[in-house]
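Trainee: Before anything else, here's the structure in question.
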Amino acid sequence: RGSSFPALAATMPSIGQTALAVILGGVALTQVVGRSKSARPLLKKAGPYMFMSSLLAAVLVQLTAYCALLAPFDLYPTPVQKKVAKVCKVIKGFTWPWAFLCCPWVSIRIENKHLMDKMSDGRTRGILLIGNHTSWLDSVVLCVAGSSKLLAMHTVLASSYLLKTPLIGQIMKSERHIPVHFAGSKQNDFSLEEDKRKAMEDRMDEALQDKDMLFSYPEGQVNRDDTKVLNPFRYGTFRCAIKNDASIWGWVAINNDLCWPDKGLPGQPAEIVCTLLELAPDGALAFLRQNDVPLVPREGQTEKELMSEQCKFLAQEMQKRMQAQLDALHSGSRTKSD
């Protein structure tokens, strides 16, 4: 909570200055050494530690900036908290890319970046952005690659255990991201704590009603199998899009799992490629109508049954289109070699 910031305010400026010095020194060093072929063997061993330390330094600089804004965070009314959270998100967009500047053996290439402006400018409805989930690096890459407009309006659905993670937990709270409270901890167990479901759904509706962007991984968990094949999309992801007639966009990225493997250190050499995909830019209801999916219950059909039918169609159709884009990226991608 914001009340934890006063205790940090006295020490964070000096920590932030030290972190900034580390980043600037790292950028200067690695931009020279990192591009030398003779240095590749050394970078293969030291690279992950340099990546982790530079990312940590970037987060510390970010939190230093937050201290000035968030010391009285609990005293702000909700509308002010929302505005402060947007500023915090933009600050993150300036600090996190430094980690990649310190590590030139990891690159990010965005295709059709112009669609970011199309998605964010002049929007008349909320946006549901869905992405494939292959690594803990996925959200980091979105924030590094995204425009400042996209960052200001993004709200992420993330597992609630991240709230207890040092530094990341404070970022989640400060930026008003939405925790998902899973009831179980086993793989493929997507059951939710029922007493917290409504609060989560209300926050999702609020983000879309504010014409912001809700970012979700419809696979429900990190894909630890074949990352070239999407896991089945969860139908519930699309309920709020239908309810609020949100536009739906896709974010497809590859090689995040090579840079930050499931069982290994982050910062491995990789070329990360990502792209935006227009799925239902005119809204979920228009997409359903165009595909002859009913918008009102048939005779004898309940509202709940209709919603289930609509969600199932959206989930399957969005997965099919994102899989086609994923296949296209893999066919033209390459990994940086030693």
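The values are calculated or read from the model by the stated rules, or taken from the named source; none is laboratory data. In this text the structure is predicted, and so the values were computed from the model without any measurement. With ideal geometry, Cβ positions are generated from the backbone for all residues, glycine too; neighbour counts draw on all protein chains shown. Just so you know, the surface numbers come from the protein's heavy atoms only, side chains and all, with ligands and any DNA or RNA stripped out. Shrake-Rupley method; radii C 1.70, N 1.55, O 1.52, S 1.80 Å.
Trainee: So, with a 1.4 angstrom probe, what is the percent of accessible area on the range 161-257 that is carbon and sulfur?
Mentor: C and S atoms contribute 51 percent here.
Trainee: Dipole size in debye (nearest 20) for the range 183-282 around its Cα centre, Lys and Arg Cβ +1, Asp and Glu Cβ -1?
Mentor: Details: 12 positive and 19 negative charges, 49 e Å.
Approximately 240 debye in magnitude.
Trainee: Measuring with a 1.4 Å probe in the full set of protein chains, what accessible area per residue, in whole Å², belongs to the range 111-194?
Mentor: Each residue of the range 111-194 exposes 43 Å² on average to a 1.4 Å probe.
Trainee: Determine, for the range 195-338, the count of lysine pairs separated by eight or more sequence positions (or lying on different chains) whose alpha-carbon distance falls under 25 Å.
Mentor: 21
Trainee: Let me ask something else. Sort 317, 193, 219 by heavy-atom solvent-accessible area, probe 1.4 angstrom, most to least.
Mentor: On the way: 317 30, 193 60, 219 5 Å².
The ranking, largest first, comes out as 193, 317, 219.
Trainee: For a protection proxy built on the mean count of beta-carbon atoms within 10 angstrom, sort 124-137, 144-157, 222-235 highest first, please.
Mentor: Details: 124-137: 22.9, 144-157: 21.2, 222-235: 16.1.
Per-residue mean Cβ counts within 10 Å order the peptides as 124-137, 144-157, 222-235.
Trainee: Note the full-extension length gain between residue 94 and residue 291 as 0.36 nm times their separation in residues minus their Cα-Cα distance, in nm to one decimal.
Mentor: Details: separation 197, 0.36 × 197 = 70.92 nm, distance 4.10 nm.
So the extension gain works out to 66.8 nm.
Trainee: State to the nearest 20 debye the size of the charge dipole of the range 81-183 about its Cα centre, where the only charges are +1 on K and R beta carbons and -1 on D and E beta carbons. Don't skip to the answer; put the middle values down first.
Mentor: Numbers: 14 positive and 5 negative charges, 84 e Å.
Its charge dipole is roughly 400 debye.
Trainee: So if R0 is 30 Å, what FRET efficiency would residue 316 and residue 147 give, r being the distance between their Cβ atoms, rounded to the nearest 0.05? Walk me through the numbers before you get to the answer.
Mentor: Working: r = 30 Å, r/R0 = 1.00.
Working from the Cβ atoms, E equals 0.50.
Trainee: Can I ask one more? Quick check: net charge around residue 137, other residues with Cβ under 12 Å of its Cβ, Lys/Arg +1 and Asp/Glu -1?
Mentor: On the way: positive: none; negative: 138, 257, 262.
Surrounding charge for residue 137 is -3.
Trainee: Which of rounded, prolate or oblate describes the range 248-329 when judged by the alpha-carbon gyration tensor and an a/c cut-off of 1.5?
Mentor: Values: a/c = 4.25, a/b = 2.55, b/c = 1.67.
Since a/c reaches 1.5 and a/b is larger than b/c, the shape of the range 248-329 is classed as prolate.
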